[in-house]
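Peer 1: Provided herewith is a single structure, encoded as structure tokens, for subsequent inquiry.
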Amino acid sequence: MWTRKSAVLAGAALLAATVQSPQAAAAHDRGLPLGPGDLTESRSVQTLQPGVTLTTIVRGAPDAANTWTVEVAIPGGSGSPDPDTPPTAVSDRAHADELAAALTEAGFGPRVEEVTTPRLADFPGGTLGYRVRVGNHPTKEAADAALAAIRAAEFTASTVFTGWDGDSADRGPWEVRVLTIDPRRFAGDLVGDFGPDLERRETTSALGAARGATAAVNAGFFVLDPAAGAPGDPAGVGVYADRLLSEATNGRPAFVFSADGRHADVARHTWTGTVRSGHEVLTLDGINRVPGLIRNCGGTGDQPTNHPLHDTTCTDEDELILFTSDYGASTPTGPGVEVLVDNKNHVTAVREPRGGPLPAGIRSIQATGAKAGELRELGAKLTITSRLNGRGGDYVLNGGPELVRDGRQHATPATDGMVRQNDPSFYYGWVQKRNPRTIAGVDGRGRILLATIDGRSTTSLGLSIAESAAVAQALGMRDAINLDGGGSTTMVTNNQVINKPSDATGERPVGDAILILP
């Protein structure tokens, strides 16, 4: 019920949101660090509940200098001598010139453009490579007509909007929404939620509605393709209500926070787990995921790498995976061995091949490859350990890269697996180009900020990773992390999606979300 006391508290929260430190006030006066300094910028603040505000920022306006163009993929663009190497968006100059010559011969008027990228905390910046484009069109429909002709000539291409390139001279527009949780006034709960089980996806709005949330944003990276695991499964660390349910992508950052909203941090984690029977000890490879498939890599004994490698599924034929009933009603099926363990650590059943129902309160351990024989040799009573190493909290949700550390811009795409050897196109698309972004952080006053920036449209250009770091810092974040973005970026208030998700099908089902509860 909205009482006079509630109104007073809400008024205090709104006042707190508009009274800023001198540094924050100066940043507000300058506006967000996007585009030229003379751009218009509007800000509005709405109180959602005591201690929670929503700030909506619109900067800039559509600029006729940005057009639709056709970007042509470059054959052999990775520099590989293999003629079957798939085409790429960015390549070396020689391959780009070769493609441009072929387009000219086919009757098109191509241009070769150098792609430069700014220096980040762990990436030197400079020339990333060269791209090949054809035409400039005022509308997507006109660009699509040109695209059809280029594809008919058997070139691989797509239409793109030049405002998504990341040029600092672009004039916008940008739509930014920021939820601020002030722990001095917040009396609700802040939670990470994955829905009924880990192995299925739900929309951010559905997750919020199920818990009666005042507001919500999407959270961590997750498995999307069934070939990479169970869709919805976190692709990195997941701690929910102080329960570790998904192992860390070793060394990658995560957003850590307490349920009362009084503590938040960006921290890096590793994970270790064991299964012991008598003097025999086996090392666990993961928690609540399909054996053999490690999305975003960062495990042990994996191929092609044990280091984080974003949007890549590493593999390992010999794995030992722990399952809890949070995973789903049944465990994954396939070759190998599985043992079911009750709450007194006794083995109650052995399944071979692995997979089947997993009752509430029962854990299971699945083994594949060489690990299957090792699991068979263990006794009838098992001691299972699972430990997250690094700063913990009630909730720990995966993300990356870091954006801000100790108040300074500190973007870490190389450390966190967004730099692929001999593949500048991945960096170009994921880091350099503008995309929808979701950002989480904490400011110097201990307030938690959750921001979404719409993108992949002409009404909001999105942000590059460098711009994300700059915006997070300008919003006052002392420490900040990039969460899952792109089509996943979603903000919900009062059961309504208030941003514009970029997927053509609308709001994307995700792995988990951060919910603000009354």
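The values are calculated or read from the model by the stated rules, or taken from the named source; none is laboratory data. This structure is a prediction, so every number in the text was calculated from the model and none was measured. Glycine also receives a Cβ, built like all others from the backbone with ideal geometry; neighbour counts cover every protein chain displayed. For the accessible areas, the whole protein counts, side chains as well, though only heavy atoms, and no ligand, DNA or RNA atoms are used. Shrake-Rupley method; radii C 1.70, N 1.55, O 1.52, S 1.80 Å.
Peer 1: For labels at residue 127 and residue 263 in the simple 7 Å Cα→Cβ model, what's the distance in nm?
Peer 2: 5.1 nm
Peer 1: So, one more: So if I take the centroid of the Cα atoms in segment 268-285 and the same for segment 387-449, what is the distance between those two points in Å?
Peer 2: Value for the Cα centre distance between the two parts: 28 Å.
Peer 1: Counting only residues 5 or more places away or on other chains, whose amide H sits under 5 Å from the amide H of residue 363 once H atoms are built in the peptide plane?
Peer 2: Here 341 satisfy the definition.
Peer 1: Suppose a student asked you for the relative contact order of the chain, using Cα pairs under 8 Å spaced at least 6 residues apart; what percent would you report?
Peer 2: Working: 1393 pairs, mean separation 98.0, N = 518.
The normalised contact order for the chain reaches 19 percent.
Peer 1: Next question, about the same structure. Starting from the 7 Å offset along Cα-to-Cβ, what nm value, one decimal, do you get for the label separation of residue 241 and residue 225?
Peer 2: According to this spin-label approximation, the distance is 3.4 nm.
Peer 1: Multiply the residue separation of residue 45 and residue 276 by 0.36 nm, subtract the distance between their alpha-carbon atoms, and state the gained length in nm to one decimal.
Peer 2: Values: separation 231, 0.36 × 231 = 83.16 nm, distance 5.46 nm.
So the extension gain works out to 77.7 nm.
Peer 1: Need the full-extension length gain, residue 342 to residue 362, defined as separation in residues times 0.36 nm minus the C-alpha distance. One decimal, nm.
Peer 2: Values: separation 20, 0.36 × 20 = 7.20 nm, distance 0.51 nm.
Answer, rounded to one decimal: 6.7 nm.
Peer 1: Exactly which GluC sites (Glu not before Pro) in segment 320-416 are in a DSSP loop and have at most 14 other Cβ atoms within 10 Å?
Peer 2: Details: sites: 338, 374, 377, 402; in loops: 377.
In loop regions of segment 320-416 (DSSP not H, G, I, E or B), the sparsely surrounded GluC sites (Glu not before Pro) are 377.
Peer 1: Can you tell me the length gained on complete extension of the stretch residue 169 to residue 300, counting 0.36 nm per residue apart and subtracting the Cα distance?
Peer 2: Details: separation 131, 0.36 × 131 = 47.16 nm, distance 4.41 nm.
Extra length available between residue 169 and residue 300 comes to 42.7 nm.
Peer 1: Enter the Cα centre distance for the pair segment 226-255 and segment 114-161, rounded to the nearest angstrom.
Peer 2: Computed from Cα coordinates, the inter-centre distance equals 34 Å.
Peer 1: Follow-up. What distance in nm lies between label points placed 7 Å from Cα along the C-beta direction at residue 209 and residue 93?
Peer 2: 5.6 nm
Peer 1: Something else now. Given a cut-off of under 8 Å on Cα pairs at least six residues apart, what relative contact order in percent is computed for segment 385-464?
Peer 2: Numbers: 87 pairs, mean separation 14.9, N = 80.
Relative contact order here is 19 percent.
Peer 1: OK, next. For Rg and Dmax of the Cα atoms in Å, several values are listed as (i) 23.1, 68; (ii) 43.9, 185; (iii) 24.4, 75; flag the one computed from this structure.
Peer 2: (iii)
Peer 1: Which lysines have a Cα less than 24 Å from the Cα of residue 344, not counting those fewer than 8 places away in the same chain?
Peer 2: 371, 381
Peer 1: Compute the distance from the alpha-carbon center of segment 463-518 to that of segment 164-188, in whole Å.
Peer 2: Value for the Cα centre distance between the two parts: 9 Å.
Peer 1: Once neighbouring chains are kept in place and the probe is 1.4 Å, which whole percent of the accessible area of the chain is contributed by carbon and sulfur? Can you show the working numbers first?
Peer 2: Details: 10970 of 21070 Å².
Answer for the chain is 52 percent, counting heavy atoms of protein chains only.
Peer 1: How would you classify segment 462-518 from its alpha-carbon gyration tensor, with a ≥ b ≥ c the square roots of the eigenvalues: rounded for a/c under 1.5, else prolate if a/b is greater than b/c, otherwise oblate? Could the numbers behind the result be given before it?
Peer 2: Values: a/c = 2.11, a/b = 1.38, b/c = 1.53.
In terms of gyration-tensor shape, oblate.
Peer 1: Something else: What does a probe at residue 458 reach in segment 36-72, counting residues whose amide N is under 11 Å from the point 7 Å along Cα→Cβ?
Peer 2: The answer is 62-69, whose backbone nitrogens lie closer than 11 Å to the label point.
Peer 1: What value, in deg cm²/dmol to 500, does the helix sum -39500 (n - 2.57) over DSSP H runs of n ≥ 4 give at 222 nm once divided by the residues of the chain? Spell out each step's value before the answer.
Peer 2: Working: 8 runs with 79 residues, N = 518.
Rounded to the nearest 500, it is -4500 deg cm²/dmol.
Peer 1: Once you have a ≥ b ≥ c as the square roots of the Cα gyration tensor eigenvalues for segment 386-511, tell me rounded if a/c is under 1.5, and otherwise prolate or oblate according to whether a/b is larger than b/c.
Peer 2: Rounded is the answer for segment 386-511, as its axis ratio a/c remains below 1.5.
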